[in-house]
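Chemist: Dropping a structure here in structure tokens format, bear with me for questions.
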Amino acid sequence: MAGDGDLSEGEHSVLLLHPHWKTVLMPFLLLVVVVVVAAVLLVIIPHNRLQGDERIAVGVVALLVAIIWTGVPFLRWRTTTYELTTRRFRLRSGILSRTGRDFPLVRISDISFSAGPVDRLLGTGRLIIESAGEHGQLVVNEIPDVKKVQATLFQLVEDEQARLAREDR
């Protein structure tokens, strides 16, 4: 996970976020469906000499579906972080292996957001960051409280530009 230990000297973490919880809503609903279906199957399995094997098979299949379709998305959500520091915007993700991407605030030229009707109700949205350089535009989906993040990022960009201007004098 991101943290102060891997920040440069004079850099401080301002905001640390995970993607909005709506990203794990469908896997959670799927888990509820799997549990209900498994319970119904366990109830309707006829009582005969093979019922133990059938019940074990239902349990194993339900467990595998729960791990693959619910556990993996939950771990992906939990291990993805967006961090705003006083000098950069950091993205970190990965369950077994980690990937990271840093955007220096001084290279950011425009910050905007968008949120559809459902996103507005849930307090999430898409953050669009444009920067000078080879990557051009970064689009990050499912940002919680996207308006606050956009305003904070804008202020941090202004502060970083002012800091660099003072250093150049």
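Chemist: Please work out the Cα center distance from segment 12-55 to segment 67-143, rounded to the nearest Å.
Modeler: Rounded to whole Å, the Cα centres lie 27 Å apart.
Chemist: Now a separate question. Within 10 Å of each candidate Cβ there may be at most 13 other Cβ atoms; applying that plus a DSSP loop requirement, which trypsin sites (Lys or Arg not before Pro) in segment 17-57 survive?
Modeler: Arg49
Chemist: For the chain, what does -39500 (n - 2.57) per DSSP helix run (n ≥ 4), summed and divided by total residues, give at 222 nm, in deg cm²/dmol to the nearest 500?
Modeler: Counting only the DSSP helices, I get -14000 deg cm²/dmol.
Chemist: Using the 10 angstrom Cβ neighbour count as an exposure proxy, how do Arg107, Arg166 rank, fewest first?
Modeler: Lowest to highest Cβ neighbour count: Arg166, Arg107.
Chemist: Just to be sure I understand the model, the point goes 7 Å from the Cα along the line to the Cβ. What's the resulting Arg169 to Arg55 distance in nm?
Modeler: Going from the Arg169 label point to the Arg55 one covers 7.9 nm.
Chemist: Can you tell me the 0 to 90 degree angle between the C-alpha axis of helix 25-44 and the longest principal axis of the chain, rounded to 10?
Modeler: With rounding to tens, the tilt is 10 degrees.
Chemist: Based on the Cβ-Cβ distance of Glu158 and Ile95, what FRET efficiency does E = 1/(1 + (r/R0)^6) give at R0 = 45 Å, to the nearest 0.05?
Modeler: Plugging the Cβ-Cβ distance into 1/(1 + (r/R0)^6) gives 0.80.
Chemist: If you stretched the chain out fully between Asp110 and Thr79, how much longer would it get, using 0.36 nm times the residue separation minus the C-alpha to C-alpha distance?
Modeler: 8.4 nm
Chemist: Let me ask something additional. Take every Cα pair under 8 Å in the chain that's 6+ residues apart, average their separations, divide by the length, and report that relative contact order as a whole percent.
Modeler: Rounded, it is 22 percent for the chain.
Chemist: Here are several values of Kirkwood radius over Cα pairs in Å: (1) 18.9; (2) 17.4; (3) 16.9. Which one was derived from the coordinates shown?
Modeler: Of the labelled values, this structure produces (1).
Chemist: If you line up the long axis of helix 146-168 against the longest principal axis of the chain, both from Cα atoms, how many degrees apart are they, to the nearest 10?
Modeler: Tilt relative to the chain: about 30 degrees.
Coordinate-derived values only; no laboratory data. What you are looking at is a predicted structure, and each value in this text was computed from that prediction instead of being measured. Cβ atoms come from the backbone with ideal geometry, glycine included; neighbour counts cover every protein chain shown.
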